[in-house]
Every structure is written in structure tokens, then in C-alpha cells.
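Please treat every number below as a calculation from the coordinates, not as lab data. This one's a predicted model, so the numbers in the text were calculated from it and none came from an experiment. Cβ: placed from backbone, ideal geometry, glycine included. Neighbour counts: every protein chain shown.
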Amino acid sequence: MFFHIVLERNMQLHPRHFGRNLREHIISKLMKDVEGTCSGRHGFVVAITSVENIGKGLIRDGTGFVTFPVKYQCVVFRPFKGEILEAVVSMVNKMGFFAEAGPVQIFVSNHLIPDDMEFQSGDMPNYTTSDGSVKIQKDSEVRLKIIGTRVDATEIDKNISQSRPKWDPAGSHPSRFFCIGTIKDDFLGVINDPTTI
Amino acid sequence: MEKGGGGKGGGVGGGGKTSLKSIPASLGGKDDNSAKSKRGRKVQFNTEGLSEGKFTFSSKSDGKFETTYGKGGLTKGGKGDKVANGAKVSVVKEALPLELRVEQELPKNAKCLMDCEAAHILEGIQEQMALLSADPTIKIPVSFDKGLLYAKTHSHFTNPQAVKGLFQSLSEHGVTDGEICVIANICPETVEEAYAIVPSLKAKRSRLNDLLKEVLIQLAKFKST
């Protein structure tokens, strides 16, 4: 589910950026630092919508860097346990299938796929009912319920923001949401099929 | 609560912890990980039960009962395929408090967005992004594109404001923003489907039934246009 939320962050800025364009520098650094990141509490920060307030800077002892408290609004995406989502299947194997809903990955185990659906191997591995009327394969759209969520270990902390620029140059996510889902319930399952059987 | 439990049942606290630990391990994923995860889920659920039940257990001061309870939960989960139904039930049970927690898990200054609202906002930002992308140092993160794509493909409506107004009547009857967003995102066709998707509404069924029916009919009209 998407959320609109107000967050705060202490931005550290090198003195060379001070001047007329200070505000622009802070905002562009904020965007670079925050967008695309993920935390267990808030989920994926998809986009910053506005900067509410930039507080007074504080010089860090001994360095000359200045920290600015920045309050900003952003759109976040976070999955919840019990939430129903529509996701696109990205991979199918005998253990179950993986699906993606926006930036979130969801695994649906074969125990949580209805019993009448059987795994069929081949070029296009899929789960099919015995009469062949329903098929789950890559790029199928499924409606599923999230029953478990997990964020991979490295959760971002506001206070370690100084160490961030060293990693994540290519925008790879330091932490990712991973969910377990089920389609074994009423009104869950395939919505449409790419092959249109 | 912890103190009360700690006095008589240090075992309870310990049991709770270990069972909780088993959850991430089981999510790690091997062949039969779903069975494990089910087990993990069950166990977690049991511990929730335990924490509630601790008072009664400790008041009875029945240490044995606590330990058997914990073990029982595990072994039950271990018995293979027949668990499926049991797991289903526990999932449904779980969904009740979980749906409600949408509001509690996020800070108060968070506002739920329907997919169509999110798509609206993100599209606006995308236009700005095009301007910004002249600056090579700013990269549009992958999750933005994915988020936007997701919001776009799943937004059934073009006019978020009208949809919001439609749900006003529901929120007056105590339906939370989170629940409304799930309904708007999924866009169920029947009242039964809506209850299946948002089980927490079942509690208010008698009051909501007619209203919900009306809202869903209106919603279908928005969807088609």
C-alpha cells in the first residue's frame, strides 16, 4: 500500500556547497540519499514530494561539515501482513512462485497454492489445475494475501547517513522487503493470464 | 506483564523467544520452507496467544501447562500436509488484528494513499524528474519506476477525488483509511468479496452491508468510465 508521510533526516553537507544554492544542494542530496531506500518501519521511499522545512545548520566539531535537520514529505510503499495485493509473477518453480508488486518481492510456496493446482515443468514452468482452466506462469497476474514480511538485515539509520555515499552508487537497495504470500483463500488467485486460455 | 510471567514461567519467556527466532530461520527458504513458515507462523501466533494468556497461566501458576502448550504448538505444526486447513484458519484469524495494525504500525503523520492517488502524485513527479534528469548526478531510482508502474497498472480510477468522496460515507461508519485503500485498490465486485478481502469489516457487517453494497455499485461505475 502507498503512503504519504512526513519524515525527518539530518543532512550533512560539505562547506563547499554553502552559498546561494545551499537549499538546492541540500534537496538534491536528500533525493540522492533517500529515494529508493527502504526501511522496515516505513517501507520503500518511492519519491520525495516536497521539502517542508530545513532547520538551522549545526557545525560538527572538528570537521567543518554542517548538519541540517530536514523535514520532507514523501510517498512510500510498504506491504502489510493481511493486505491483499495484485502482483505479477516473475518466476515459477517446484517450490512455488515469486511475484512482484511494485518494488516488493513476494514468494508464494506450493503449500499455499490451492491443492488442485499441480506443478508442470518445461520451458514455461507453471501451476495448472487438472482441467487446465487456470494456469499460473511467468507474467500472470495474481491476487494474493501477504502473510509475512521481512526486511533484509541492513536497516538504514538516520544517524549513519554519513557513511552512505560510499556504497550504493548505482542505486542498489541496501535493504529489501521480502514477503510470503498465499493464494489459498477465497477470492484469491489468477486475475488474468498472458496467454489468454 | 513480562515480570509477571518471569516470576513463575521463565520458561515461557524463553519459549517465546526461541519460537520467534525460528521464524526468520524458517523464512530463509529451503525446499519445504513453506511448511516451516507455516509452522513459524503458527508458532508466532501461539506466542501472541501466550502473551495474552500469560496472566491466566501465571495466576494458575501452572508451569507445566505452559511448556506443554509451547511444545504442542510446535508438534501440531510439524504434522505435514493436513496443516493446510489449520494454517488457513490461523491466517484468517491473524488478518483481523493485522488489518487494523496498518494504522498503528505507521507514525501518525502517515496517510494511506489509494493506488490511483499514488499514481496521480507519482506521475506529477515524473514530469519534474524529466527536468531533473538533465543533471546526470541525479538518478531516478529503480523503485520509483517500479512503484509508478505498479500504481499505474493497478489504479482503476482516473479521478481520485471522486473516489475519495465516495468512501466518505464508509469512513463515517468507522472504516479506517487502510481498509478503504485496500477496497479501492482491489475494487471488489460483490459485498462478499469485499468482506473476504478486508475481514475486519465483518465485525461491522450489520451496519455496513447496505452502505457497502451502494459504494461498490458506485465504484463499478467509476471503473467503467
The extension gain from B:Glu214 to B:Ser169, computed as 0.36 nm times the residue separation minus the Cα-Cα distance, is 15.2 nm
What spacing in nm lies between the two simple spin-label points modelled at A:Asn21 and B:Lys111, each 7 Å away from Cα in the Cβ direction?
3.3 nm
Answer with one residue from B:His173, B:His156, B:Val142: the one whose Cα lies farthest towards the positive end of the charge dipole of the stretch B:109-222, charges on Cβ with Lys, Arg +1 and Asp, Glu -1.
B:His173
Report the semi-axes of the equivalent ellipsoid for the stretch A:8-103 in whole Å, largest first, where each axis is √(5λ) for an eigenvalue λ of the Cα gyration tensor.
38, 13, 12
FRET efficiency for A:Ser133 and A:Arg176, Cβ-Cβ distance as r, R0 = 25 Å, nearest 0.05?
0.10
Given an 8 Å cut-off on Cα distances and at least 6 residues of separation, report the relative contact order of the stretch A:1-134 as a percent.
22 percent
Could you state the number of Å between the C-alpha centres of the stretch A:94-112 and the stretch A:123-151?
8 Å
Given Cβ point charges of +1 (Lys, Arg) and -1 (Asp, Glu) and nothing else, what value in debye, to the nearest 20, does the dipole of the stretch A:9-139 about its Cα centre take?
1220 debye
So what are the three principal axis dimensions of the stretch B:109-222 from its Cα atoms, in whole Å, longest to shortest?
57, 27, 22
Restricting to DSSP H runs of at least four residues, report the calculated mean residue ellipticity at 222 nm for chain A, -39500 (n - 2.57) per run over all residues, nearest 500 deg cm²/dmol.
-2000 deg cm²/dmol
Counting only other chains, and only Cβ atoms inside 10 Å, what mean value do you get across the residues of A:24-33?
2
